[in-house]
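Everything below concerns the one structure shown next.
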């Protein structure tokens, strides 16, 4: 499927909105609503949806459940993805606590930290390990996605270990640029870029 | 300036990359590098930059410092934005510690929490206040941008108070949808959408 990253990103946001609508028993939604969610025009949204070859549009709008299921299938969002998080400081544990993940298809199967002390003290229902076991655990548990929440200086080393262990993608919360091979999907949560994105539109 | 949100978002990311290059004394960069950073084509990047009416392109590529200054001016990114954060739990304090903000033009002038206990215990160089003072402090200090890191149930109420106080924009880290008037700029840091954006490209 040759969708642009921008299209995929918009579809992922729309998918989250459809889930929200479904939970609230709302049956139909308009491309205008989706456009508001992703910050684009309704024309772009309709183009994104039709580029996936999807129908499901009626005079009442898009059928929420149908469209959600179709988008989920097209982007393979409906399967469960084994995920781990590296770095259990404030940010890492905040991400672990982030309630949305739980039912959203991301199965957090392991956490890692370099501090044995922290591993012993931490209260979390997921299993935690010293970072020395990162590569092995990722291999053993077939973890596909790694979240990096370590200090900047350690981020590249952690990314290398995740990749050696076999992850297919990385979500990087560390405010540093990391290099990955072309076949690895990398996305940076760039907090500064997000603040600027708000401020630039004042 | 009638730039699309997508263009503004890409430019903000490119701006951050230019800062990084400048800090590392790199003088020239190519549209291909920018494309890698924002996940688009170099054609799109050149179109984004030229849509701002910018030049600065030579055979050696874009001149890093010149382009950064130009983009900063066009998007008004070079001025300092008074910012506050509401919710000083794990995520909120992690955001406060996030090192990128410090020199990036966001002046964190206040923090707020509903727990007096937490306000007394917290170690941070910024001034912290009980959330009851939110609207007043935002007004008094002319805070323009509010970061929401409170539990989902409180997010809408906090957004309303920030807006009454006079902020122009909100960066929402809470995994819930909040409603704001049309003139307020809202951006959601949607962690689940980010994870999906990675997984959909495996």
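Some values worked out for this structure:
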| item | result |
| --- | --- |
| Yes/no for residue A:173 being within 23 Å of residue B:94 (Cβ to Cβ) and more than 16 Å from the chain's Cα centre (by Cα) | no |
| Subset tally (residues that are within 16 Å of residue A:201 (Cβ to Cβ), surrounded by 21 or more Cβ atoms within 10 Å (Cβ to Cβ) and away from chain A (no Cβ under 11 Å)) for the range B:1-56 | 1 |
| Odd one out for residue A:96 among (1) closer than 17 Å to residue A:149 by Cβ; (2) more than 10 Å from chain B (Cβ to nearest Cβ) | (2) |
| Helices (runs of 4 or more DSSP H) enclosed by the range A:2-78 - at least 3 residues per element that are touching a helix residue (DSSP H, G or I) at 6+ places or on another chain (Cβ under 9 Å) and at pLDDT below 90 | A:5-23, A:31-38, A:42-51 |
| Residue selected from the range A:173-188 under the condition at the interface with chain B (Cβ under 10 Å from one of its Cβ atoms) and touching a strand residue (DSSP E or B) at 6+ places or on another chain (Cβ under 8 Å), by the criterion surrounded by the fewest Cβ atoms within 10 Å (Cβ to Cβ) | A:177 |
| Single residue of B:71, B:77 found to be within 14 Å of chain A (Cβ to nearest Cβ) and farther than 30 Å from residue A:95 by Cβ | B:71 |
| Unmet requirement for residue B:195, which otherwise passes all of (1) surrounded by fewer than 22 Cβ atoms within 10 Å (Cβ to Cβ); (2) assigned to a helix (DSSP H, G or I); (3) in contact with a strand residue (DSSP E or B) (Cβ under 6 Å, 6 or more places away or on another chain); (4) without any contact (Cβ under 8 Å) to a residue 24 or more places away in the chain | (1) |
| Residue in the range A:52-62 that is in contact (Cβ under 8 Å) with a residue 40 or more places away in the chain and either closer than 26 Å to residue A:169 by Cβ or assigned by TED's automatic domain parsing to the domain that holds residue A:110 (or both) present | yes |
| Complete set of residues in the range A:135-148 that are surrounded by fewer than 23 Cβ atoms within 10 Å (Cβ to Cβ) and outside any loop (DSSP other than H, G, I, E, B) | A:135, A:136, A:137, A:139, A:140 |
| Top-ranked residue of the range A:149-172 - restricted to ones that are closer than 14 Å to residue A:112 by Cβ, modelled with pLDDT of 90 or more and not in a helix (DSSP H, G or I), ranked as farthest from the other protein chains (Cβ to nearest Cβ) | A:150 |
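The values are calculated or read from the model by the stated rules, or taken from the named source; none is laboratory data. Here the structure is a predicted model, which is why all the values come from computation and not from measurement. Don't worry about glycine lacking a Cβ; one is built from the backbone with ideal geometry, like all the others, and counts go over all protein chains shown.
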